[in-house]
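The values are calculated or read from the model by the stated rules, or taken from the named source; none is laboratory data. Because the structure is predicted, anything quoted here is derived from the model rather than measured. Note that we place each Cβ from the backbone using ideal geometry, even for glycine, and neighbour counts take in every protein chain shown. These area figures cover heavy atoms from the full protein model, side chains too; ligands, DNA and RNA do not enter into them. Shrake-Rupley method; radii C 1.70, N 1.55, O 1.52, S 1.80 Å.
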Amino acid sequence: MDYLPLFFDLKTKPCLVVGGGTIATRKARLLAKAGACISVVAPDVQDELAQLVKSSGGQLHTQDYNSALIGQSVLVISATDIESVNRQVSEDCHARQIPVNVVDSPALCSVITPAIVDRSPLIIAASSGGESPVLARRVRTQLESTFPASYGRLAKFASRFRDAVKNRFSDGEQRRRFWESVLGGTIAEQVLAGSESEAEIALQKRIAAGDVADRGEVYLVGAGPGDPDLLTFKALRLMQQAEVVLYDRLVSEPILEMVRRDADRIYVGKRRSEHTMPQEQINQLLLRLAQEGKRVLRLKGGDPFIFGRGGEEIDLLAAHQIPFQVVPGITAASGCSAYAGIPLTHRDYSSSVRFITGHLKNGEVNFDWQEFVADHQTLVFYMGLVGLEQICTKMIEFGKPADTPVALVERGTLPTQVVHTGTLASMPMKVKNTEIHAPTLLIIGGVVALHKSLGWFKR
């Protein structure tokens, strides 16, 4: 290692910042978060930096740097754009064996500041040793997506029970297994979800019972319309800790690759008139796996509560008191319309939007069509490809102008996305003469006209 990573307790300790500009202010913010007593020396000092000095109890020296100002500092940061000053600060600190950081000059530093993920009391630091700060910041961004802000709350929660666990489990290996089970299971998820009182009751029961193992749980997660970058942080975290995953046909391969590598995968996808596994059987499988103590991921395309039958799947779990979480996903209407450059509402075109399933339970397109022909609304039909001709015909029959703009978004948000545009009158014939690949989303309304100017994806 070029550097030994350490965590420095700076609470109330004197630290000196040389420089009064933007970078110096940024470094002072970091010191203030650590509770340091900050002093600053510079001829000109930004207002925010001066306020940080005042609130920390330090001193502000509006003058040029001299070595006497180092005083009893336990850490010095030089953040000026004058090379000679930075070099002098470094030499003075090295002579006194005081840790010094010179911004963007690794050769002058005895310590460097890493890219930090702050989930206090959990702190994660990433450093490239000054070789590539941008790369370190990219690593930090990836870490931030893995560890949500609520991890700090989880760390504080666990610390309250350390003594109780130590007293209950005298064997160190048992304690390790216990905490691994807790921090990777239902209790931790309750804390992260904000149900800390419930988690506390559950943890106290487990400690009292000496129970090292954890209960099963189901995660009902929306995978979005296809682009893996549209997953939520919470979805990613649960995908990484599930032991079994049940996934649909609409879950794209790149998203499936983000599931924990050693998780068992069970395909339960459905096509029109072709169900790999009936819905009732899926519900029973989720229940059985959870009762076996497994952490089960139910991964569904789009959002599980918007035409995803998610409510049906958790009904049975709730009846058997199986813990579950529901993580919303970006529904196809939002994702596909955004990537197609078609705003679903717009003051000049539409003041409301309807989400409609393209076929009913009996497979027929049968609606109160009169509700759909009003002006200034957008209609979004999920799974509308098969019934497209009947939808367009009925809309015209009930009074919708035949020249109403229509878009059919094919494989929305994926690199293979194609947007087919036309009108209620022309779209059925256009689809007949074009090879279309599912999944598709049908959008009807004046907003479709904006696709030509606002379509940005793959442009």
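See the values below:
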{"read-out": "Test: residue in the range 82-98 that is open to solvent by less than 80 Å² (accessible area, probe 1.4 Å) and within 38 Å of the chain's Cα centre (by Cα)", "value": "no"}
{"read-out": "Subset of the range 405-435 [open to solvent by less than 50 Å² (accessible area, probe 1.4 Å) and touching a residue at least 60 places away in the same chain (Cβ under 8 Å)]", "value": "407, 409, 412, 413, 414, 417, 419"}
{"read-out": "Condition check for residue 73: open to solvent by less than 90 Å² (accessible area, probe 1.4 Å), under 41 Å from the mean Cα position of the chain (by Cα) and not hydrophobic (A, V, I, L, M, F, W, C)", "value": "yes"}
{"read-out": "Test for residue 438: is it assigned to a loop (DSSP other than H, G, I, E, B), open to solvent by 20 Å² or more (accessible area, probe 1.4 Å) and in contact with a helix residue (DSSP H, G or I) (Cβ under 6 Å, 6 or more places away or on another chain)", "value": "no"}
{"read-out": "Residue in the range 322-339 that is modelled with the lowest pLDDT, counting only those that are assigned to a loop (DSSP other than H, G, I, E, B) and in contact with a Leu (Cβ under 9 Å, 6 or more places away or on another chain)", "value": "323"}
{"read-out": "Condition check for residue 107: assigned to a helix (DSSP H, G or I) and at pLDDT below 95", "value": "yes"}
{"read-out": "Single residue of the range 218-244 satisfying the filter (open to solvent by 30 Å² or more (accessible area, probe 1.4 Å) and assigned to a loop (DSSP other than H, G, I, E, B)) that is farthest from residue 292 (Cα to Cα)", "value": "232"}
{"read-out": "Scan of the range 165-180 for residues that are open to solvent by 50 Å² or more (accessible area, probe 1.4 Å), part of a helix (DSSP H, G or I) and modelled with pLDDT under 85, ordered by number", "value": "173, 174, 176, 177, 180"}
{"read-out": "Flag for residue 387 being touching a His at 6+ places or on another chain (Cβ under 7 Å) and modelled with pLDDT under 90", "value": "yes"}
{"read-out": "Helices (runs of 4 or more DSSP H) completely within the range 245-321 that count 3 or more residues being surrounded by 14 or more Cβ atoms within 10 Å (Cβ to Cβ) and of a type in the set (A, V, I, L, M)", "value": "279-291, 310-319"}
{"read-out": "Candidates 342, 391, 356 - the one that is in a loop (DSSP other than H, G, I, E, B) and farther than 30 Å from residue 192 by Cα", "value": "342"}
{"read-out": "Residues (of a type in the set (Gly, Ala, Ser) and either in contact with a Ser or Thr (Cβ under 7 Å, 6 or more places away or on another chain) or under 25 Å from residue 124 (Cα atoms) (or both)) located in the range 1-41", "value": "19, 24, 28, 32, 34, 35, 36"}
{"read-out": "Matching residues in the range 52-81 - criterion: being over 17 Å from residue 93 (Cβ atoms) and part of a helix (DSSP H, G or I)", "value": "52, 53, 54, 55, 56"}
{"read-out": "Boolean, residue 25 is at pLDDT 95 or above, part of a loop (DSSP other than H, G, I, E, B) and touching a helix residue (DSSP H, G or I) at 6+ places or on another chain (Cβ under 8 Å)", "value": "no"}
{"read-out": "Hits in the range 186-217 - residues which are acidic (Asp, Glu), more than 14 Å from residue 324 (Cβ to Cβ) and not in a helix (DSSP H, G or I)", "value": "211, 214"}
{"read-out": "Members of the range 118-167 that are touching a helix residue (DSSP H, G or I) at 6+ places or on another chain (Cβ under 8 Å), free of Cβ contacts under 8 Å to residues at least 12 places away in the same chain and basic (Lys, Arg)", "value": "166"}
{"read-out": "Test: residue in the range 335-349 that is under 28 Å from residue 189 (Cα atoms), among the aromatic types (Phe, Trp, Tyr) and open to solvent by 30 Å² or more (accessible area, probe 1.4 Å)", "value": "no"}
{"read-out": "Residue within the range 190-206 that is surrounded by fewer than 21 Cβ atoms within 10 Å (Cβ to Cβ), free of Cβ contacts under 8 Å to residues at least 60 places away in the same chain and of a type in the set (Lys, Arg) present", "value": "yes"}
{"read-out": "Failed condition for residue 49, given (1) open to solvent by less than 20 Å² (accessible area, probe 1.4 Å); (2) in a helix (DSSP H, G or I); (3) under 20 Å from residue 136 (Cα atoms)", "value": "(3)"}
{"read-out": "Residues being in a helix (DSSP H, G or I) and open to solvent by 60 Å² or more (accessible area, probe 1.4 Å) - total across the range 367-388", "value": "2"}
{"read-out": "Matching option when the condition is out of contact with any Phe, Trp or Tyr (no Cβ under 7 Å at 6 or more places or on another chain) and under 30 Å from residue 255 (Cβ atoms), among 431, 380", "value": "431"}
{"read-out": "Qualifying residue in the range 133-149 (condition: surrounded by 16 or more Cβ atoms within 10 Å (Cβ to Cβ) and more than 21 Å from the chain's Cα centre (by Cα))", "value": "yes"}
{"read-out": "Number of positions in the range 402-435 that are in contact with a His (Cβ under 7 Å, 6 or more places away or on another chain), outside any strand (DSSP E or B) and polar (S, T, N, Q)", "value": "1"}
{"read-out": "Matching residues in the range 318-358 - criterion: being more than 26 Å from the chain's Cα centre (by Cα) and farther than 30 Å from residue 392 by Cβ", "value": "318, 319, 320, 321"}
